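First comes the structure, then the notes that go with it.
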Amino acid sequence: MNNQQIITLVKKVRQNVQDKIHQQDGTIKLLDVSFPIEINDLYVDVNVLNEPKNYYHGGIEDLLNNSQDYHQDFERLGLSERQKREGGIEKVKNSQKLMVLGKPGSGKTTFLKQIIIECNKGNLLTHYVPILIKLRDIIKWEKRHNNFTVQNYIIWYFRNHSQAEIQTLMEKGKFLILLDGLDEVSIENQDKIVDEVDYFIEEYGNNRIIISSRILAQKRQFNNFSYIEIADFNENQIITFVNKYFLTLFNQEDEETVQKKAEYFLEQLGSGENQQIRDLVVTPILLTLTCKIFADTEKFYSKRHHLYEKALEILFSKWDETKGINRCAEQIYYHLTINEKQYLLAYIAYQKFKKDQYILFEKEELLKYISEYFEQKLNKSINEKDSQLILDSIVIQQSLLVERANCIYSFSHLSFMEYFTAIYCINNDVNNLLTLQVKNFKSSSLFYKWHHVLIFMSGMLSNSNCFLLQMKHKIDNLVSGHNKIQDFLNWLNIKSKSIDTNLKPSAIRAFYLGLEIKTRQPQLSCAIDSELEPIKKIAVEIDMAFDKFCNILPKFDYEEYFYHTNDKRTILQLKDMIIDFNLLRNFDRAYCETFPDVITNDRDFDLFPIISFIKSNFLEQKLSIELEKINTELDTLCSPFDHIRMERNKKSNNSDFLEIMRERHNNIDIWKSWWINNGKNFLERLRKILIENRDICHDWNFTEKEKHLLSYYYNLNYLLIHCLSNYATVTNTIKQQIEETLLLPISEIEKNSYVIESSLELSPNSMQKEENQIFISYSQKDKDWLDKLKIMIKPLIKNNKISYWDDTQIVPGSIWKDEINQALDSATVAILMVSPHFLASDFIIDHELPPLLKASEERGLKILWLYISECLYEETEIKKYQAVHQINSPLDSLNDSELNKVLKDIAHKIKKASNNP
């Protein structure tokens, strides 16, 4: 064929498969969405990195750039992307052969589908015939057609054309061949498929070929391929995806309503308290999960760790299940339970997180932690080769660990590392963690390093009473030996009682503590009592005025604010606090801006903040006659500028206002001279007036160390309240006790008989599980039967007649042996749900059943078993025990009414066995 004939044939083949491609590859399936999505309705332009991260050969020092602020700016350290991004489609246009690498759920398949759809529409590589081959489906195809080769598959796919025509196009290099999911081929077939792909590339390498795979999943390098990596979503991509997702999911609603939902989602995602979630949703799969949760509930999970549990469920199993993939990892890792895999990651996370440099691992360090885990926790000894295989499996299958540079690793997201660290701490090291967190106040980075771990822990615990009490005790003790701070806390207590309001006293104490340490926002007080929220707005208005008017300090007219607000009752309650807030802010600003050391720094000396401070606050409040005297002393200096405050509101023309400002500086030497001679005395007289009239502005003479300690004390209490109010499961009594004694001196805490003994020790047993009377053993494949039993016994549980435990209550990542032993220790009855699946479960037969039978022999644990379906129970120890119903009729042989009758009788027998009347 000549060139024109080839061009004509390409057009013919493209036209004949256009509808087929659109039908097969034009949609995608989202997690937990019941209908297919048109790819163009959701696709967001992909960015790529021109060199995968693990190709970089720099060391840890190069990656961190000598930064010590690891936690505050994880991305800035270059751990996410050191390279400039490039548009994925542009890269495809300019590349003959591409290997597209990416983490699980990073959008590799969607990217390839977008390429073939754009090519199919005539928008991309129009002189090529596109075909997308899902490599995981090849073995299925081979079973029907025999002798798989890429060549044979392409000929079969275009079977409406002659084999000679398709063969000619392959030889001429006129195909765009997309091979998706090289990592998704089962391990027993992987070498065969890779060999075949390699052979095809050698024979028909003049075609355009793009292959996708997870990072590190394929060790073999293909000749003449450019290796690229799909980049995480940036902010603009997240916004685009969210808007498209909500429009697609709510396509029956009007566009304006849907847009508001998307905007609300983005607003919540951008809030400070959701920083960890925002860090997490940089891949399509996790962003999709978060959007779906929010779309269903109009909020994120109330307990943050639930989102991470759901994300890990997807990464460990659900994502592959939805695609029909069964990965057989190397045998040691494959035979670990999901809990054991998560606890391995928890062990790795904690061992690293407690170090000063806690972000990056050398490969040798990771291999050491993996080996330690197997030896210490599983009583197995593994060699370095096994450790390497396990590390590769974690990177390939879940990408929770990623290779940031050659032989240098980190967790994929810092928040995953914090989550796994929290899991480890709950099960091992709670006391040491609290002691470390509270005592080491010298490093603010240490506080920010650990506070998300503590938040995770407070939410994970089924009962956080003991954990929060111990935290409160350690925070109080932090300042117990500092007399000046205790005096200050005593003043806080007295001041809070002098405010005529219905606000919580602890919120008032937090408000004045915040003023003392000069926080920009009263976060702690508002967290304790939401009635203080209006003060946040006031703080913002005052700070904006500082910046806008070049240090002219405004008065805050609370009466005007009161006039316009819808909540007059709240503002009346806050009146005294608003006045104090404005007075202290003005005083502090005047003091800082005009004290003599400012003059020596070649900055414009400005006394106007002092004058504005007096005229806009003191005169209106008529605090004392002495203030009038101070004001008279300043009249001579201020008279040329008295009109400025009035003019400020009248002048709309910026040039006129600036002219007034310039006039003020004409006599700057007079101001400087007066201040040098009189400034210090002037400020002390003002301070005295504030103390006598408002009981504020005391000079506590704190050292720098005490100031730092007080700020840290404030932050720790904010963390405590944050846990208490948002995440922890805590009784109302404990919550009330903690709030009422917050920010009190030790003497007052002791008066309230609120002393937590220092000998109080926290342990997983004391925090997590209540006493369980019923232990249920079952196969995961019989979970439907477990649910039926739980429904029948629910009234007994509600009436506190019985309580039960099953493995669904195991804390994610915890050591299953410890969990089972703990549950067994408090159990008086064990229920076995016997079936072929039950008896075929190595986990049950090797790890659950033996301790149950041993407990029955040694301490009289009652064993009741249900006969779910016919099986060889008589070949096991179970035959020694009495079934709880007639075994001549297994439960799966009964109709619904018969089953309910039998389950009701079983429930009564369970109640009786647990010794409840």
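The values are calculated or read from the model by the stated rules, or taken from the named source; none is laboratory data. From a predicted model like this one, the values you see are computed outputs, not experimental measurements. Note that we place each Cβ from the backbone using ideal geometry, even for glycine, and neighbour counts take in every protein chain shown. Areas reflect the complete protein model, heavy atoms only, side chains present, ligands, DNA and RNA absent. Shrake-Rupley method; radii C 1.70, N 1.55, O 1.52, S 1.80 Å.
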Do the conditions hold for GLU384, that is, is it open to solvent by 10 Å² or more (accessible area, probe 1.4 Å) and closer than 27 Å to GLU229 by Cβ?
no
Going through segment 111-130 one residue at a time, which ones are of a type in the set (Val, Ile, Thr) and crowded, with 21+ Cβ neighbours inside 10 Å?
ILE115, ILE116, ILE117, VAL129
Regarding segment 453-472, can at least one residue be identified that is at pLDDT 85 or above and charged (D, E, K, R)?
yes
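This table checks each residue for (1) within 45 Å of the chain's Cα centre (by Cα); (2) modelled with pLDDT of 90 or more; (3) open to solvent by less than 30 Å² (accessible area, probe 1.4 Å); (4) assigned by the TED database to the domain that holds ASP782.
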residue	(1), (2), (3), (4)
MET833	yes, yes, yes, yes
ILE845	yes, no, no, yes
PRO850	yes, no, no, yes
GLU857	no, no, no, yes
LYS862	yes, no, no, yes
LEU872	no, yes, no, yes
LYS880	no, no, no, yes
PRO890	no, yes, yes, yes
LEU899	yes, yes, yes, yes
Flag for ILE517 being touching a residue at least 24 places away in the same chain (Cβ under 8 Å) and over 27 Å from LYS303 (Cα atoms)
yes
Residue ID - modelled with the lowest pLDDT, chosen from residues in segment 800-831 that are within 24 Å of TYR373 (Cα to Cα), charged (D, E, K, R) and open to solvent by less than 40 Å² (accessible area, probe 1.4 Å):
GLU819
Using the structure shown, decide if GLU188 is open to solvent by 40 Å² or more (accessible area, probe 1.4 Å), touching a residue at least 40 places away in the same chain (Cβ under 8 Å) and in a helix (DSSP H, G or I).
yes
Search result, residues across segment 686-730 that are under 17 Å from ALA510 (Cα atoms) and aliphatic (A, V, I, L, M):
ILE696, LEU709, LEU710, LEU716, LEU719, LEU720, ILE721, LEU724
Residues to consider are ALA840, ALA907, ALA913; find the one that is in contact (Cβ under 8 Å) with a residue 12 or more places away in the chain and within 30 Å of LEU336 (Cα to Cα).
ALA840
Could you list, in sequence order, all residues of segment 253-273 that are within 28 Å of ILE423 (Cα to Cα) and buried (at least 18 other Cβ atoms within 10 Å of the Cβ)?
LEU269
Going through segment 417-440 one residue at a time, which ones are at pLDDT below 85 and either farther than 29 Å from GLU704 by Cβ or open to solvent by 30 Å² or more (accessible area, probe 1.4 Å) (or both)?
ILE426, ASN427, ASN428, ASP429, VAL430, ASN431, ASN432, THR435, LEU436, LYS439, ASN440
From the residues in segment 688-703 that are under 45 Å from the mean Cα position of the chain (by Cα) and among the charged types (D, E, K, R), which one is surrounded by the fewest Cβ atoms within 10 Å (Cβ to Cβ)?
ASP699
Screening SER506, SER462, SER480 for residues that are polar (S, T, N, Q) and assigned to a helix (DSSP H, G or I) leaves only SER506
Residue within segment 356-372 that is open to solvent by 20 Å² or more (accessible area, probe 1.4 Å), closer than 25 Å to GLU309 by Cα, modelled with pLDDT of 90 or more and touching an Asp or Glu at 6+ places or on another chain (Cβ under 9 Å) present
no
Please determine, by comparing only the residues of segment 158-168 that are among the hydrophobic types (A, V, I, L, M, F, W, C) and closer than 18 Å to ILE21 by Cα, which one is surrounded by the most Cβ atoms within 10 Å (Cβ to Cβ).
ILE166
Does segment 387-409 hold any residues that are open to solvent by 20 Å² or more (accessible area, probe 1.4 Å), assigned to a helix (DSSP H, G or I) and out of contact with any strand residue (DSSP E or B) (no Cβ under 7 Å at 6 or more places or on another chain), and which are they?
GLN388, LEU389, ASP392, GLN397
Please specify each residue of segment 336-355 satisfying the condition of being open to solvent by 20 Å² or more (accessible area, probe 1.4 Å) and either outside the structural domain of TYR424 (by the TED database) or among the β-branched types (Val, Ile, Thr) (or both).
THR337, ILE338
Can ILE139 be described as in a helix (DSSP H, G or I) and open to solvent by less than 10 Å² (accessible area, probe 1.4 Å)?
no
Subset of segment 448-459, residues of a type in the set (A, V, I, L, M, F, W, C) and either outside any helix (DSSP H, G or I) or over 15 Å from ASN274 (Cα atoms) (or both), comes to TRP450, LEU454, MET457
Only residues in segment 336-359 that are free of Cβ contacts under 8 Å to residues at least 24 places away in the same chain count as the first member; pair them with residues that are open to solvent by less than 20 Å² (accessible area, probe 1.4 Å) and assigned to a helix (DSSP H, G or I), Cβ under 7 angstrom, at least 6 apart or cross-chain, and list the lot.
GLN351/TYR369
Can you find a residue in segment 223-237 that is modelled with pLDDT of 90 or more, open to solvent by less than 50 Å² (accessible area, probe 1.4 Å), closer than 21 Å to SER34 by Cβ and more than 21 Å from the chain's Cα centre (by Cα)?
no
